[in-house]
Structures are given as structure tokens and as C-alpha cells.
Amino acid sequence: STPPARHAPVAIASLMEKKQASYGKGAARMAPMEVSVEAGNGAESDWLDDDGRPRRTGTVWTASAHIITAVIGSGVLSLAWAIAQLGWAAGPAIMLLFALVIYYTSTLLAECYRSGDPETGKRNYTYMDAVRSYLPGTKVKLCGVIQYANLVGVAIGYTIAASISMRAIGRADCFHYHDVRGRSGKDECKSSSNPYMIVFGVVQILFSQIPDFDQIWWLSIVAAVMSFTYSTIGLGLGIAQTVANGGIQGSLTGLSVGPGVTSMQKVWRSLQAFGNIAFAYSYSIILIEIQDTVKAPPPSEAKVMKKATGISVATTTVFYMLCGCMGYAAFGDAAPDNLLTGFGFYEPFWLLDVANAAIVLHLVGAYQVFCQPLFAFVEKWAAARWPDSAFIARELRVGPFAISVFRLTWRTAFVCLTTVVSMLLPFFGDVVGLLGAVAFWPLTVYFPVEMYIVQRGVRRGSTRWVCLKMLSAACLVVSVAAAAGSIADVIGELKEYRPFSG
């Protein structure tokens, strides 16, 4: 039992390994640019950076907007459930603690954007490039496995979350229809999420064939509007319910042990809440890509990114606190895992329909944005592994469009696989809590800390070195505990679940 996806999508495929992907043609595309700049072509150097890539124009405000749009997503709607497990005393405090840790480790990661001098050193275009620059081979491979496994998990999570919201639209309308006629409608309004997952999968197959998804600049605007639409609706409904109750619900310690809740369930759910909060907050996986949009120094990209991180984390925390706390104030320990689909509300039904439609539109883009690095990685690897393969390099002309045969086959197969897995494991909240727990320590804390130690030459045994290692160790303990809580809930769900039952 628990939340939907997190993270708003943002049109940052330009932020997400655009430079790394050379669909079927290796790295040859960039060579002419680089040669031109080195040859001193003044006209081209006006619109190219020193490495031959298109000149960046990002500022502290555009970087802040990218981060906020990437972080604030449908996970915000599950924060009331997370606070309900922890209570008024621990819930907001834990959320604030996660915000501080993520802000600090993000500033460490921002320092690693350039190898060597912070203004003139070699740029690292992606998270993996940064890891490769500072850490040995084994750690690079480990980071790649974790990063891309996490992206697969996110794709599965978004498929489930979108289907839940689509089904919720039908259920809200159904409840309203029966309410108008004075009937319960509880049994008549039951439905399976499988057809909605299939519909979402078909849409993703179509969108996944766009090779340069990063050029759809309007996706960032649509994503921001959608995320704030449903988040604001959830917040507004929470406030309205609190006023209707005549007071604030909940307790200092959260969910009480009693009928239907054992002591161990209380422990596991509290730990799972940690994973849900971590999943809702983390964005380190795309921080370097966002930083790579910031215009060339001075000031250094790291200084700009630190300011952007401070602005965005503060904004996100305020919004998360409002949504989570107002949801808990409205429903207390009975807070649903999603204010918009758990039917903490089902009136006004039209407002719920708007909110859930916004979530679906949001997740359509989110799926592509977070899968683009994986698509690029596989296609780049295949092009390098079989450079002379007609299957890899061949393109079909369909009207004005050129469709790669390999891209069509591989991306369609990936979408089909994530859709089938989603249908097998539709209890999304537990899976998301596990993803958040597993990814939080390595991607948000461990690798940024280790890279920073190398980049700044922090002396082993020094006070700073000890403090950084202690932070990493403490976050490891939190991740392991949160993963244990999520695994316990997954096992509980599997005991009663029948595959493909929806």
C-alpha cells in the first residue's frame, strides 16, 4: 500500500545524454564542430562552446526551474501517507532532514562537473561521465548498473501510476453517477488497471520513436503546468477537508498500533515512509545534465548550480510540507496513499478528473525523459559493438520521417517489457519505496561524496574526510532500513496477489 510516482518530467533530454547519444553513427557527428572551433572559425565560435558543442545559455533561474519541475511530481500526493506513518513529531522533521542532506550532497556533486579547474577544466556532460572521471573502473560499472536499473524501475513505476490515475477518473465519474441516483456504487465501480496500462504502453511506443525528444522544448512548460495543477488541487482539497472537519487530525506519533495494525507493520510502514520521501526528493541522477545547460563561466557552473539547488530545494520543501501536512491534517492516520486516487476525496468529481488527467499527461512525458538516457546508452553501445551492421544503421523513410529499424525494434520491446512487468506487479507504492531506498544512498550520497573527496583532494583521516564518511555511513543505514520496510510490504502483497488480476 502506498504512493504513486514522483518526479515531474521536464524536457531535459537535452539534459539527459543528448550529447552521449549518436543514434547508430558513433561519435562522428561532433567531429566537424570540434575541428571548426579548433581551426578558429570566428563565426562558428560565437555560437559554440570551447569544446565544439552548442553554446549553453542557462542561468540560475532556468536551472532552478528544471530542478523544481523534475522533483515536484505525483509523489507529492503520497506525502500525507508518509507523514501519517511517522506522526506530527517525526514526519515533518524527517522531510526537512532529507531536504538538507540532498541539498548538501547536490552541492558536492555540482563541484564535480568539471575535472580540475572549476572554470576551465574538462566538462563532464552526464552523471556517468563524472563518475568515470574521478573513480576507478569497478565503481563506474557499479554506478552504471544502479543508474540504469533505477531508470527501468522508474519506467515501470510511471506505467503503474498513470494507469492508477486513468482508472481513478473512471471511478470518480462512476461514484458521482451512483451518488446522484442515491446508490452506493461501490461494487459497480470496480475495474482493472490492465487496460489502462496497455493504452499507456501504446502511447509510449509512439513517443519513444522520436529520436531527438530533447527538441520538444514545450514539454518542460507542459510538465511544470501539469505538476503544479494536480499538486495544487491536492493541497486545496486537503485544506478544504481540514476546514470541514473543524480541526486538525493526526497525532504526534502517527499511525497507532491496534486493530488491523501490528507492531511490526507499524515499524515496516515507518521505514517505508523513509523510502517514499527519498524517492520524492532525489534528483541527483539528472543534476549534472541540468548543470550542463548553464552558460560558460564566469561565474563557474558550480557556483550557479549551488544557488539553483538552494532555491529549488527550498521551494520544493515548502510545497512538500504544505501538501503532506495538510493531507495528514485532513485525514489523520487514515490518510490515503494518494489523495487523488485513494479516494480520500471523490467530490467534486470534475476537479479530480482534471487533477488525474494532469498526472497522466505529466507521466507520458516523464516516461520518455527518464528513459532517454537508457535508450541512448543501448543504441550507442550497439553502434560501437556492430558498426557495420545494416540492422543497426539502416533507416526507413516514412513520408518526411526517418525511422531507425533498430530503434523501432529495441524501444518497442523495452516499452512492452515494462508494461508487462507493471501488469504483474501493480502494487506500485511498495515498489517505489524500494526504488527510492535502493537509489538514495549510492546515487545521492555515496558517489557524490567519493567524487568530491577525489576532486578536492580531501586528506584521509582529516576532520572533513571523517564527517563526509560518517554522513555516507548514516545514509547507508537509512537506505537499508527503508529497503527492508518496502520489501516486507512487497512480500505481504505477494501472498494475496494473483498475477494480471489488475
Based on the Cβ-Cβ distance of ALA384 and ILE239, what FRET efficiency does E = 1/(1 + (r/R0)^6) give at R0 = 60 Å, to the nearest 0.05? 0.65
Describe numerically, in nm with one decimal, the distance between label points set 7 Å from Cα along Cα→Cβ at VAL477 and at ARG394. 5.9
Roll a 1.4 Å probe over the protein chains and send me the accessible area per residue for region 53-496 in Å². 41
Among LEU361, PRO373, ALA329, the residue whose Cα sits farthest towards the positive end of the charge dipole of region 326-390, when +1 is placed on the Cβ of each Lys and Arg and -1 on the Cβ of each Asp and Glu, is PRO373
Might you work out the accessible area of GLU395 for me, using a 1.4 Å probe with all protein chains in place, and round it to the nearest 10 Å²? 80
Within region 53-496, what whole-number % of the accessible surface is contributed by carbon and sulfur, with the 1.4 Å probe and all protein chains included in the calculation? 69
If I model a spin label as a point 7 Å beyond the Cα along the Cα-Cβ vector, how far apart are those points for GLU347 and ALA89 in nm? 3.8
What is the extension gain from LEU408 to SER256, computed as 0.36 nm multiplied by their sequence separation minus the C-alpha to C-alpha distance, in nm to one decimal? 49.6 nm
Rounded to the nearest 0.05, what FRET efficiency do MET470 and THR138 give with R0 = 22 Å and r taken as the Cβ-Cβ distance? Could you check? 0.40
If the label point is 7 Å along Cα→Cβ of VAL225, which residues in region 59-95 have backbone nitrogen under 11 Å from it? none
Whenever you get a sec, line up PHE440, PHE349, PHE228 from highest to lowest accessible area (probe 1.4 Å, protein heavy atoms). PHE228, PHE349, PHE440
Among VAL445, ILE248, HIS176 the positive-end extreme of the charge dipole of region 53-496 (Cβ point charges): VAL445
Span from the region 82-115 Cα centroid across to the region 336-390 one, whole angstrom: 24
Roughly how many nanometres apart are two label points built 7 Å out from the Cα toward the Cβ at ASP179 and ILE491? 4.0
Ignoring everything but the protein chains, give the 1.4 Å probe accessible area of ARG167 in square angstrom, nearest 10. 50
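The values are calculated or read from the model by the stated rules, or taken from the named source; none is laboratory data. What you are looking at is a predicted structure, and each value in this text was computed from that prediction instead of being measured. With ideal geometry, Cβ positions are generated from the backbone for all residues, glycine too; neighbour counts draw on all protein chains shown. SASA here: full protein model, heavy atoms, side chains in, ligands and nucleic acids out. Shrake-Rupley method; radii C 1.70, N 1.55, O 1.52, S 1.80 Å.
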